[in-house]
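Scroll down for the structure; my scribbles are underneath it.
The values are calculated or read from the model by the stated rules, or taken from the named source; none is laboratory data. Since we're looking at a predicted model, the values are computed, not measured. Here Cβ is always computed from backbone atoms with ideal geometry, including for glycine, and neighbour counts include all displayed protein chains.
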Ligand code: ADP
Ligand code: ADP
Ligand code: ADP
């Protein structure tokens, strides 16, 4: 299956993507995680991306699309993938369509995670992620690690993302509404969108998603 996950920052995309990818046996491809891995390795790409991310803006399309394409062309993504955080604007969605067409492939679904804005703000304020791998995600009250500040998955140090500060979150929500939400209409025109509520226990949402993807 080839699936795109959309939803505002803090909707639970990463949390659900890890679980869905495992159940559906497809790789989880998160452009945010790829950028953060580049930042921690201090690559040129990471240095460039960081300035945009810290300001709550999108990283330029040329860079983002190239990075996503490289990842989608890895052998493990041949049979399908779950995209988390890409595409994030209409021109990225058009680029993805072109890439898929070249390979005679199609998306199966665009899963839209719906959450009220006040909940998103609470989720982001308490989010803590792992230094080793930013797909290891916790929340200080909703999903606390067994030992404070320590990742349950790998023992790494947990920290708060620089762009999860209150000011940057406001900017990211603005960017979501103005640039990312339009892709929902773009994909509705292709009949691909399934919308589910991302409120409630994590496992219930996973089941809801799997039901909606059938
Ligand atoms: P969240 O899960 O909170 O929505 P992500 O980890 O997906 O955040 O993204 C963090 C930041 O990385 C974004 O605010 C943006 O700066 C950058 N980013 C991630 N994916 C993309 C993309 N597809 N296009 C441009 N920038 C991106
Ligand atoms: P996104 O990738 O959309 O930005 P995350 O998966 O990182 O979102 O989740 C944001 C925060 O909300 C994390 O701290 C995560 O632990 C928490 N979270 C995720 N799903 C739920 C849920 N169903 N209920 C409560 N908190 C959640
Ligand atoms: P290094 O400093 O280790 O050479 P880079 O920052 O050049 O690392 O690149 C790290 C990864 O990011 C590479 O595998 C490359 O595919 C990808 N990458 C780097 N720059 C770009 C770019 N401008 N557009 C797309 N992908 C890029």
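Points worth noting:
- Index of the failed condition, residue 106 passing every other in (1) loosely packed, with under 13 Cβ neighbours inside 10 Å; (2) within 28 Å of residue 148 (Cβ to Cβ); (3) in contact with a strand residue (DSSP E or B) (Cβ under 8 Å, 6 or more places away or on another chain): (2)
- For the stretch 178-212, the set of residues classified as without any contact (Cβ under 8 Å) to a residue 12 or more places away in the chain, within 30 Å of residue 52 (Cα to Cα) and in a helix (DSSP H, G or I) consists of 178, 185, 188, listed by residue number.
- Scanning the stretch 62-88 for residues that are closer than 25 Å to residue 205 by Cβ, more than 16 Å from ligand 3 (Cβ to nearest atom) and part of a loop (DSSP other than H, G, I, E, B) yields a count of 2.
- Put simply, of 92, 101, 74, 106 the only residue that is out of contact with any helix residue (DSSP H, G or I) (no Cβ under 9 Å at 6 or more places or on another chain), under 24 Å from residue 182 (Cβ atoms) and more than 16 Å from ligand 2 (Cβ to nearest atom) is 101.
- Some residue of the stretch 44-57 being under 11 Å from the mean Cα position of the chain (by Cα), in a helix (DSSP H, G or I) and surrounded by 19 or more Cβ atoms within 10 Å (Cβ to Cβ): no
- First in the stretch 52-65 and over 16 Å from residue 180 (Cβ atoms), second anywhere and more than 16 Å from ligand 2 (Cβ to nearest atom), Cβ under 8 Å, 6 or more apart: 63/45; 63/48; 63/49
- Output for the stretch 77-89, where each listed residue is crowded, with 21+ Cβ neighbours inside 10 Å and either within 12 Å of residue 25 (Cβ to Cβ) or away from ligand 2 (no atom under 16 Å from the Cβ) (or both): 81, 82
- Subset of the stretch 140-177 that is over 19 Å from the mean Cα position of the chain (by Cα) and assigned to a helix (DSSP H, G or I) - its residue that is farthest from residue 16 (Cα to Cα): 167
- The set of residues in the stretch 109-135 that are assigned to a strand (DSSP E or B), within 12 Å of ligand 2 (Cβ to nearest atom) and either crowded, with 20+ Cβ neighbours inside 10 Å or on the phi > 0 side of the Ramachandran plot (or both) comprises 111, 112, 113, 127, 128, 129, 130.
- Consider the stretch 26-43 and keep the residues that are more than 9 Å from ligand 1 (Cβ to nearest atom) and touching a residue at least 40 places away in the same chain (Cβ under 8 Å). The one that is surrounded by the fewest Cβ atoms within 10 Å (Cβ to Cβ) is 40.
- Scanning the stretch 154-181 for residues that are in contact with a helix residue (DSSP H, G or I) (Cβ under 8 Å, 6 or more places away or on another chain), closer than 16 Å to residue 122 by Cβ and more than 9 Å from ligand 1 (Cβ to nearest atom) yields a count of 2.
- Scanning the stretch 41-61 for residues that are within 12 Å of ligand 3 (Cβ to nearest atom) and either at pLDDT below 95 or at positive phi (or both) yields a single hit, 42.
- Residue pairs meeting the criteria (Cβ under 7 Å; at least 6 apart or on separate chains; first over 21 Å from residue 32 (Cβ atoms), in the stretch 135-164; second assigned to a loop (DSSP other than H, G, I, E, B)): 146/152
- Inclusion of residue 88 among residues that are within 15 Å of ligand 1 (Cβ to nearest atom) and touching a strand residue (DSSP E or B) at 6+ places or on another chain (Cβ under 7 Å) is not warranted.
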